[in-house]
């Protein structure tokens, strides 16, 4: 799979005028909102995170190299999310494993709005997802539910695309192994 | 497909070819293989029942997961549009 973060030699630098910022980001707002929901686990914080991302992107527009705007915006979102965590827990360095453990100890309860925004998954899907580790759930959410490429998910998680792929494949193998034993699985096919 | 390749594909069904294809099924379904390899994997999935069923399982799983995404709330997107427009208009207080 080609590395989407590396502009090709043929790539021509495209500048975005500040006055056309809204048209530039408009096509990416739904995916930014979905990814923010996956990162924050709730819709209220998700919207705050997208707002923060937009302000940062506008301020950093002169540093955008014209390649892969969605990946650029997602990288900004990752940094904004890390900063929000630092503000909430000053003194702590961002650590994904620590964050995973915190999520496991104190999972955010979904609000009524969250429930409304997400399609209720079939029980057998929810059951198989719940058996995965937080790291595996993250890649499944970003790629299979939010629709990101491996490279975009890598930008959000700050890990190599190869690691996204191996975690995702392992997660799907585990889900499949669980689901093929589930009585509703064959009935759904 | 030339006849020799086809014979090789059947001979190796359930063997080393299936193991090799099994490692590539998920990347194939994600659209991550080069066109030549993707064509080879597709031909094997058509010819080999076991690998074809494996691929069907993963397709089904991916569809079920994608279906859980739900709609993005229109009011949230509208608020974000307004913020982007304010920024574009030079309103740094946004």
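What follows draws every value from the coordinates through simple rules; no lab data is involved. All of these numbers come straight from a predicted model, not from anything done at the bench. We place every Cβ from the backbone using ideal geometry, glycine too, and count neighbours over all the protein chains shown.
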* Asked: Quick one: if you stick a label point 7 Å off each Cα along the C-beta vector at residue A:177 and residue B:20, how many nm between them?
  -> 2.5
* State the Cα centre-to-centre distance between the range A:136-171 and the range B:41-74 in whole Å. => 17
